[in-house]
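Read through the structure below, which is laid out as structure tokens, and then see the notes.
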Amino acid sequence: MRALEGITVVSVEQAVAAPFATRQLADLGARVIKVERPEGDFARAYDRAVRGWSSHFVWLNRSKESVVLDLKSDRGRVALERLLERADVFVQNLSPGALDRLGFAPRELRQRYPRLVVCSISGYGSTGPYRDRKAYDLLVQAESGLLSITGTPDEPVKVGISVADIAAGMYAFSGILAALYRRERTGQGALLEVSLLDSLAEWMGYPLYYAAYGGRAPERTGAHHATIAPYGPFPARDGVIFLAIQNDREWVRFCHQVLDQPHLAEDPRFATNPDRVAHRRELEEVVRAAFARWSTEELEQRLEAADLAYAQMRTVQGLLEHPQLRARHRWRQLSSAVGPLLALLPPFSLEEEEPQLGPVPELGQHTRAVLRELGLEEVEP
């Protein structure tokens, strides 16, 4: 029996944040009924990279049932009401107030269905001056300050994945799990609200404290670290090695066993991490000059022998072929109308429980069956 087997989730969802949250629930065995508008979740049309299907949609929507309902029609609203009567969890990420206008205000649903866990995901929350602003991932990265600390000194750079949506989706997932656990003890559902801005603001914790009490925000330093040194990419004779020296003990080993320059460990410019950050330019010149003498293979051997952290920069193709993922059997296959597709196992697993990795649904694939189950055969989506 999977952890969430027997739990029914109804989700009026689109794009990334809510679908990511509900996919985690589906992986744990929940039945997830994805309610789509007649034209479908617009993430279905983001690209055609996966044999004609959207890469975002394939990633976010395995193991779900797709039900098309026009919630602006009486028939569609009746069907959603029937679904909620049987649901344990309701998730939605429509614009603030949209469900209220349809007669499904979250607070009213909590009163109608006391055991229901209701989770609303929005860009900026249901109150405040930004309530009605459109909130796409890049815009929330900008509003959260993330862009101000990401990139090079000359240019801010967007994080390459939908980090605001993913953060909100993960907080929705963990919040729903907590609410279900509490319901087991109290019999009561819950009303949850998660915003993209709140989620990224939490993830900005270290820069916030650094700026609030240090007098200035961390600087943009590209792939280097704003407050730790040496930390980041350094060219070798035939490539690039990424370093992460975390403390003064590691710095001493680095000087003795990797650089072959033990005197640097005693240099007052580099004795402590704050000193090394203050003299970053001189420090990095020393490391680059030393690394230019060796190949990446030679440097990796030296770093391994000194028990120091390092990495090589892989491409996305390199991640697909990563030896660690293969060695730990992280890849699976799931089915779809366009053929078998790759799927990664969830990052966490429960002992002796294989995650549910069901097919990616076609638009409206389950509409008839679900409406028949609700006794609404005559309702057309």
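No value in this document is a laboratory result; all are computed from the given coordinates. Source: prediction; values computed, not measured. Virtual Cβ from ideal backbone geometry, glycine too; neighbours counted across all protein chains shown.
Using only the Cα atoms of region 303-358, build the gyration tensor, take square roots of its eigenvalues as a ≥ b ≥ c, and label the shape rounded, prolate or oblate: rounded if a/c is under 1.5, else prolate if a/b is larger than b/c, else oblate.
Cα axes put region 303-358 in the oblate bin.
Efficiency by 1/(1 + (r/R0)^6): what FRET value for Tyr136 and Glu351, r their Cβ-Cβ distance, R0 = 45 Å, to the nearest 0.05?
E(calc), rounded to 0.05, equals 0.70.
Which residues' amide hydrogens lie under 5 Å from the amide hydrogen of Gly123, considering only partners 5 or more residues apart or on another chain, with H built in the peptide plane?
Leu196
Of the options Leu334, Phe348, Gln365, report the single residue whose Cα projects farthest towards the positive end of the charge dipole of region 305-372 (beta-carbon charges: Lys, Arg +1; Asp, Glu -1).
Of Leu334, Phe348, Gln365, it is Gln365.
At 18 angstrom or more along the helix axis (alpha-carbon based) and mean Kyte-Doolittle of -0.5 or higher, what helices does the chain contain? Whole DSSP H runs only.
Those that clear 18 Å and a mean of -0.5 are 163-186.
Before rounding to the nearest 500, sum -39500 (n - 2.57) across all DSSP H runs of length at least 4 in the chain and divide by the residue total; then give [θ] at 222 nm in deg cm²/dmol.
Taking each H run of at least 4 residues, the total per residue is -10500 deg cm²/dmol.
Tell me, what is the Rg over Rh of region 103-224, with Rh the Kirkwood radius over Cα pairs?
Result: Rg/Rh = 1.08.
What number results when the radius of gyration of region 231-313, computed over Cα atoms, is divided by 2.2 N^0.38 Å?
The value comes to 0.99.
In debye, nearest 20, what is the charge dipole magnitude of region 231-313 about its Cα centre with +1 on Lys and Arg Cβ and -1 on Asp and Glu Cβ, if you could check?
The dipole magnitude comes to about 200 debye.
Report relative contact order for the chain in percent, whole number only (criteria: Cα-Cα under 8 Å, sequence separation at least 6).
18
Taking the Cβ of Glu184 as the centre, find all other residues whose Cβ is under 13 Å away and add up their charges (Lys, Arg: +1; Asp, Glu: -1).
+3
What FRET efficiency do you get for Asp275 and Glu321 if R0 is 41 Å and r is their Cβ-Cβ distance, rounded to the nearest 0.05?
0.55
How big is the dipole moment of the chain about its Cα centre under a simple scheme where the beta carbon of each Lys and Arg is +1, that of each Asp and Glu is -1, and everything else is neutral? Debye, nearest 20, please.
For this selection, approximately 780 debye.
List every residue whose amide H lies under 5 Å from the amide H of Ile241, counting only residues 5 or more places away in sequence or on a different chain, with H placed 1.01 Å from N in the peptide plane.
Sorted by chain and number, the residues that satisfy this are Phe234, Ala236.
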